[in-house]
Amino acid sequence: MAGVVERFSAQDGAEADRLSYRESGGEWKHTVAVCSAGEPDRDAELAIGGLPEGWFPVQPVTLRLKDGRTRLYFWAHGKGVVRYLAADSEDGRAFKVVNALTPCLYHPADRAVDGKVAVEAGLTHFMKRKAAPVEGEMLAPAGLLSNDATNVYQLPDGSFEMYSVGLVEVGKDDRRYAAQDNVPGLVRVIERYTSADGLNWGGRQRVIMPDEKDPQDLQFYYLSVTHTEKGRVGLLGRYRLDAQTIDIEGCFSADGITWERAQRAPWITRDEPGTTAGSFILHAPHAMVQRGVLWYLFYTGGNFGHNHRVAHGKEDRAVMLATCEGLWK
């Protein structure tokens with residue numbers, strides 16, 4: 001993978017909790033989504049309807065479905081709410097949430113997660129939680145608890161696969177226990193789900209987790225996947241707890257279940273402190289894009305540690321670009 005060749009957008013705190021997009025055409029245009037609890041605003045360039053008041057979309061994934069519709073997946077954050085939703089659109093501009101009360105995934109902090117469910121999922125860390133679902137809302141099932149970063153893909157046969165971050169609980173006597181983490185005793189791993197319609201998920205499998213070949217403080221923060229004719233190319237988030245850094249590691253799979261991690265090292269070099277925003281943590285996009293002989297990787301860089309206690313100057317984020325000529329070398 002070639003080095004960073006462009007830093008083309010910064011993100012300020014005022015827009016950090018809003019979903020938006022940028023269009024290219026000589027100049028990058030930043031458009032923030034208009035969110036509403038009712039129907040989407042048809043006059044807006046980008047709108048999301050059916051989103052309850054006080055819920056905010058973050059970490060979006062956009063798919064052009066095989067039936068011609070566009071689907072938007074995102075984590076919704078609000079009072080008592082941390083869940084993964086889907087919104088559909090006929091024109092790619094006006095989206096309507098289709099599963100606010102029956103989400104794809106739940107974070108353990110969501111109001112629908114009960115302590116008994118958390119224990120069933122192996123997370124005694126959350127055993128004292130008391131669920132507070134609203135009328136008509138079911139309790140979250142143990143098989144749909146996720147920590148955070150999530151990516152969804154539609155496969156050639158029309159079915160869907162989803163990669164998200166699961167949590168494995170370890171004791172203080174375990175080499176992976178990290179008292180300095182914001183969730184001590186919980187190790188982030190990568191899990192895969194499957195679905196016929198992209199809304200109802202099951203088939204949960206743990207596909208990548210740290211092993212004896214990895215540093216003691218390594219956890220996995222995300223997995224994004226690029227589907228090619230030769231198989232899946234993964235961008236795996238290498239989270240080093242001691243240094244509070246996140247890097248992108250390349251990995252490969254023929255089926256999305258068994259992953260080869262031959263590199264076990266960062267694929268992209270972080271920039272020198274003070275030069276760009278890509279000096280501390282790197283977040284991969286939904287997938288890479290091929291144009292001609294080059295593959296384009298647009299990723300997000302941050303100049304601060306995961307716990308926000310250390311930074312290379314004033315905290316900043318930016319979308320960065322790296323390119324390479326081949327993924328299977």
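Read the figures in this text as sums done on the coordinates, not as results from a lab. The structure displayed is predicted, hence computed values, not measured ones. Quick reminder, even Gly has a Cβ in these numbers, built from the backbone with ideal geometry, and neighbours come from all protein chains shown.
How large is the Kirkwood hydrodynamic radius of the chain, in angstrom, based on all distinct alpha carbon pairs?
Working: mean 1/r = 0.0484 Å⁻¹.
One over the average 1/r among Cα pairs gives 20.7 Å for the chain.
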Under 5 Å, built H, 5+ apart or other chain: amide partners of Val34: Leu46, Ala47, Ile48
Full-stretch length increase - Glu272, Val170 - with 0.36 nm per residue and alpha-carbon distance subtracted: 33.3 nm
Amide hydrogen neighbours beyond the local backbone of Thr228, cut-off 5 Å, H modeled: Val233
Contour excess over end-to-end distance, with Cα ends at Lys29 and Ala265 and 0.36 nm allotted per residue: 81.5 nm
Cross-link pairs beyond the 24 Å C-alpha cut-off, checked among Lys66/Lys230; Lys79/Lys128; Lys213/Lys314; Lys79/Lys116; Lys172/Lys213; Lys172/Lys314: Lys213/Lys314; Lys172/Lys314
log10 of Debye I(q)/I(0), alpha-carbon scatterers only, for region 45-157 at 0.15, 0.19 Å⁻¹: -0.66, -0.96
Equivalent ellipsoid semi-axes, region 201-313, via Cα gyration tensor eigenvalues times 5, rooted, Å: 25, 19, 12
Paramagnetic reach from Ala37 (point 7 Å along Cα→Cβ, amide N under 14 Å) across region 56-97: 56, 79
Alpha-carbon Debye profile of region 103-262, log10 I(q)/I(0) at 0.10, 0.15, 0.16, 0.17 Å⁻¹: -0.39, -0.85, -0.95, -1.05
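Which of the trypsin sites (Lys or Arg not before Pro) found in region 45-81 are loop residues per DSSP with 14 or fewer other Cβ atoms within 10 Å of their Cβ?
Sparse-neighbourhood loop trypsin sites (Lys or Arg not before Pro): Lys66, Arg69, Lys79.
Asp211 to Leu65: extension gain in nm, 0.36 nm per residue of separation minus the Cα-Cα distance? Intermediate values should be presented prior to the final figure.
On the way: separation 146, 0.36 × 146 = 52.56 nm, distance 3.62 nm.
Here the segment from Asp211 to Leu65 would lengthen by 48.9 nm.
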Inter-label distance, nm, simple model (7 Å from Cα along the C-beta direction), Val310/Gln180: 0.7
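If you take the C-alpha gyration tensor of region 257-328, multiply each eigenvalue by 5 and take the square root, what semi-axes do you get, largest first, in whole Å? Before the final figure, lay out the partial values.
Values: eigenvalues 127, 47, 22 Å².
Here the semi-axes work out to 25, 15, 10 Å.
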In region 196-226, trypsin sites (Lys or Arg not before Pro) in a DSSP loop with at most 15 other beta-carbon atoms within 10 Å: Lys213
Sequence-distant residues sharing a close amide H with Asp110 (under 5 Å, placed H): Val82
